[in-house]
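The values are calculated or read from the model by the stated rules, or taken from the named source; none is laboratory data. Note that the structure is a prediction, hence the values are computed from the model and not measured. Using ideal geometry, Cβ is built from the backbone for each residue, glycine included, and neighbour counts are taken over all protein chains shown. Quick note on the areas: whole protein, heavy atoms, side chains included, nothing else; ligands and nucleic acids left out. Shrake-Rupley method; radii C 1.70, N 1.55, O 1.52, S 1.80 Å.
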Amino acid sequence: MRQFLRQYPAQRDDIADLVTRRPLPGPGLPQVDPFLFLNHHGPQTYRPGNSGLPFGPHPHRGFETVSFILEGEMAHIDSGGHESVIRAGGIQWMTAGSGLIHAEISPASFKRDGGPLEILQLWVNLPGRLKMTKPAYAGLQREDIPAIPVEGGVVNLISGAFGDTQGPFESLTDVAMMTVALEAGGHVDLPAPAGRAVFFYVVAGSPSANGTLVKPHHLATFAMDGDTIAVTAQAPATILYGHADPIGEPVVSHGPFVMTTREEIVRAIDDYNAGLFGKPPVIR
């Protein structure tokens, strides 16, 4: 089993009226290569007649975003012509690559009626050779995500493999991602191939990971040895889990751009200002 190293609390950083916690980057933990950033929005309940999510058109270059809609809905529209509304249990996987402009907002029905909302968004770095790849987007609903029964719970497989099941998203860099929901007394052995970085964030509950209790809204880190993380829940728990090969390259970020050099950041800003990311999507 992997050696448990440490757990890091998410920092509260609300965005307008959107409850937001951020475990990565955080004090003492700039990244878990190649995992760069996680925002945990909610859980909260929006009143009828609300303004919805505040993420209007903005650019990205050099990485991927994976959004997990745990409760509520999120609409996506981008300069590449992609558009969708993903409901609770669904996933959005966007490859920003060479650059696009997108908006992540609430559909009109949610703003009208309100309701519960909880969303996770994870940023996954791309190696230098792929940072200028063609942008892409895919969105899948709950029914498209394999739900694999485990002892007292379920693994919702997004990408990579779990046992004999393959996730529906094909990662450019062989990233495995899943969410894990366990009831009281539930147990699962999560794959953690030696040499791969592990991403382990507790969305809710306080499960044990290889014998150590991990607090709610904490990100756990592990040594690179071993090949398993044994998870047991004394009470209901939800975990965002993944593993990937470290990239091992410099990370230079500036707002929505993540590259390997300052010069590449300057070019990204210039290209965006020159309109090379396409026309900003029109929100209807």
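Annotations
- Filtering the range 170-185 for residues that are open to solvent by less than 10 Å² (accessible area, probe 1.4 Å) and in contact with a Lys or Arg (Cβ under 6 Å, 6 or more places away or on another chain) leaves an empty set.
- The set of residues in the range 141-164 that are within 21 Å of Gly185 (Cα to Cα), surrounded by fewer than 15 Cβ atoms within 10 Å (Cβ to Cβ) and not hydrophobic (A, V, I, L, M, F, W, C) comprises Pro149, Glu151.
- Residues being under 18 Å from Gly56 (Cα atoms) and open to solvent by less than 30 Å² (accessible area, probe 1.4 Å) - total across the range 106-116: 3
- The residues of the range 77-92 that are in contact (Cβ under 8 Å) with a residue 60 or more places away in the chain, under 22 Å from Pro43 (Cβ atoms) and crowded, with 21+ Cβ neighbours inside 10 Å amount to a single one, Ile91.
- Beta carbons closer than 7 Å, at least 6 apart along the sequence or on distinct chains, pair a first residue in the range 119-146 that is free of Cβ contacts under 8 Å to residues at least 24 places away in the same chain with a second that is assigned to a strand (DSSP E or B) and crowded, with 22+ Cβ neighbours inside 10 Å for Pro146/Leu157.
- Of all residues in the range 161-183, those that are over 15 Å from Ala138 (Cα atoms) and free of Cβ contacts under 8 Å to residues at least 40 places away in the same chain have Cβ atoms under 6 Å from Cβ atoms of residues that are outside any strand (DSSP E or B) and of a type outside the set (S, T, N, Q), 6 or more apart or on another chain, in Thr165/Pro146.
- Residues located in the range 38-64, provided they are closer than 19 Å to Leu219 by Cβ and open to solvent by 40 Å² or more (accessible area, probe 1.4 Å): Pro43
- Residue check: Leu276 meets all listed conditions (1) of a type in the set (A, V, I, L, M); (2) open to solvent by 10 Å² or more (accessible area, probe 1.4 Å); (3) in a strand (DSSP E or B) but one, namely (3).
- Of all residues in the range 15-37 being in contact with a Lys or Arg (Cβ under 9 Å, 6 or more places away or on another chain) and either at pLDDT below 95 or not in a strand (DSSP E or B) (or both), the one that is least open to solvent (accessible area, probe 1.4 Å): Val19
- Condition check for Val231: over 30 Å from Glu151 (Cβ atoms) and either open to solvent by less than 40 Å² (accessible area, probe 1.4 Å) or among the β-branched types (Val, Ile, Thr) (or both): no
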